[in-house]
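The values are calculated or read from the model by the stated rules, or taken from the named source; none is laboratory data. Source: prediction; values computed, not measured. Cβ placement follows ideal geometry from the backbone for every residue including glycine, while neighbour counts extend to all protein chains displayed.
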């Protein structure tokens, strides 16, 4: 089944009533410049972020009175928790969504509903061109070109639209004209020029090392013959004696050529590559997967957490009604940061959180990488904590009324 089969029965609009409301279209095709996927560093950065975000667990929840939170077991929660569509698991879905967002500064997710208005699928779209339309009823539509020669017109309200670098355009991320990464592309081109220079320097070190000057007037045939003799002597001496030194007589002089290729220093190469890393908010330790607890926490707070908030807000807005939002419903993308903590930090957190009744036994075992046990969902709490409402009674056996 193709994604195009999902919205074949799309909402259409009368061409006589449609008109552009913005001057710029969103065009992902950049024929005159490189795309960021051509850079291995940029591609690894996108993979690192998308891989970590794909570990988040989306849930449809409701905030109740006195701070209680419950998971709503409906079609929305089922799709988000198991498989958003028939082609992808939840982690694959989130990975693709985040990858498209980082690559294009925009990501469109098509929402499919059945006749009972129940959610049946969420499909990440990857068009090559998007154009905004509006009918006389002021309803927004997007004309999407997927490079198949057809244009699909979709109501904007049927999409989840994620945006990055959202500042220059009313609707699109980036500059609203193309998938804009001008500053990043400068750093990528500079990095590739440095690597090309390094490659050329290495090649030059294997080129001509010297001249064999013949002290006589020789024909071209005799010159080639003397060269072949010289090459054979060099090869024989190197293979048998492991030496590149050979004797020559008065008929010829060997004149060495001084080749001094300039190698790019490590500091310059690191500086340029760090500009690419900083663009995505990825440190060198995260790039190389050699991070500690503090480095991961910085990566989470600076890069991962903002994206998880974007996802929660966008999915809540698109999937829930205003009434549901008012009543405390929300789509949340939860992360398990303790999985990246040190063993001592995990033990400390468990001691504190179990004592407060926040962690169950199985949740604590999960943090340590142990499987759940029977009757492990119960929560235990230290008697050292008491409801503040009854603190006086707990401490002295009476409340304020007894003092009067």
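Evaluating residue 224 against the criteria (1) exposed (fewer than 15 other Cβ atoms within 10 Å of the Cβ); (2) over 30 Å from residue 306 (Cα atoms); (3) modelled with pLDDT under 75 leaves one unmet condition, (3). Does residue 290 meet the test of being part of a loop (DSSP other than H, G, I, E, B) and without any contact (Cβ under 8 Å) to a residue 12 or more places away in the chain? Considered against the rule, which asks whether it is part of a loop (DSSP other than H, G, I, E, B) and without any contact (Cβ under 8 Å) to a residue 12 or more places away in the chain, residue 290 comes out as yes. Mind checking which residues of the stretch 74-112 are within 22 Å of residue 55 (Cβ to Cβ) and either without any contact (Cβ under 8 Å) to a residue 24 or more places away in the chain or not in a helix (DSSP H, G or I) (or both)? Of everything in the stretch 74-112, those that are within 22 Å of residue 55 (Cβ to Cβ) and either without any contact (Cβ under 8 Å) to a residue 24 or more places away in the chain or not in a helix (DSSP H, G or I) (or both) turn out to be 77, 78, 82, 83, 84, 85, 87, 88, 89, 107, 109.
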